[in-house]
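Notes follow the structure.
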């Protein structure tokens, strides 16, 4: 019976992730109905403490956005990346990681991706190298951020095991930062540089792409 319930859970996750958007919540609701009415599993109550902590974090982030704090952080990140265009594959993910770590949300990377693409093309580096790992770095930053909703929820779950926030961060920050560096190495030499890529040069010559 346990294996059947596990298979249903995994199926709901896979189908919801495949469909995306509001379908993810819909499929989760269907799975909950199956568990409650078919398998007679008692539904749990809402985690009030965790929900309250998440609301507090979101409110703080909204205040930082309204005060211009996020724009200030994005501006600093923009300046740093433009100073080291040759090393954008390594600089971009680290800057993205630190920015998300400080802000607690991955939404700030929307302002960074066009900058990463522009700096990469000007340096003759394939933009997919720094962009791909920077997106991953953003999610790693959320895991390590002390003010992200994910960390707050994890603290709520681990509170019963007496795991404090400093202890959790002592694990997540080094692990995620090291993962970002290893990920940057994994894409640093993937594909040809733009000046050696015949398809890119052809598109520039035919006008399909504008020069950076």
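The values are calculated or read from the model by the stated rules, or taken from the named source; none is laboratory data. Remember, predicted model here, so these are calculated numbers, not experimental data. Here the Cβ is made from the backbone with ideal geometry for all residues, glycine too, and neighbour counts use every protein chain on show.
Being surrounded by 14 or more Cβ atoms within 10 Å (Cβ to Cβ) and part of a helix (DSSP H, G or I) is true of residue 24. The set of residues from region 27-50 being within 30 Å of residue 107 (Cα to Cα) and either in contact with a strand residue (DSSP E or B) (Cβ under 9 Å, 6 or more places away or on another chain) or not in a loop (DSSP other than H, G, I, E, B) (or both) comprises 27, 28, 29, 30, 31, 32, 48, 49, 50. Restricting region 21-31 to residues that are out of contact with any helix residue (DSSP H, G or I) (no Cβ under 9 Å at 6 or more places or on another chain) and modelled with pLDDT of 75 or more leaves a set whose member that is farthest from residue 100 (Cα to Cα) is 29.
Residue-by-condition table, conditions (1) free of Cβ contacts under 8 Å to residues at least 12 places away in the same chain; (2) surrounded by 14 or more Cβ atoms within 10 Å (Cβ to Cβ):
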site	(1), (2)
3	yes, no
7	yes, no
12	no, yes
18	yes, no
36	yes, no
39	no, no
44	yes, no
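For region 175-208, residues that are within 29 Å of residue 102 (Cβ to Cβ) and either surrounded by 12 or more Cβ atoms within 10 Å (Cβ to Cβ) or touching a helix residue (DSSP H, G or I) at 6+ places or on another chain (Cβ under 9 Å) (or both) total 13. From the list 211, 146, the lone residue that is touching a helix residue (DSSP H, G or I) at 6+ places or on another chain (Cβ under 9 Å), surrounded by fewer than 19 Cβ atoms within 10 Å (Cβ to Cβ), modelled with pLDDT under 90 and not assigned by TED's automatic domain parsing to the domain that holds residue 63 is 211. Can you pull out the residues in region 66-82 that are more than 22 Å from residue 128 (Cβ to Cβ) and either surrounded by fewer than 18 Cβ atoms within 10 Å (Cβ to Cβ) or at pLDDT 85 or above (or both)? Result: 66, 67, 68, 69, 71, 72, 75, 76, 79.
For residue 53, are the conditions met, namely being assigned to a helix (DSSP H, G or I) and modelled with pLDDT under 75? In short, yes.
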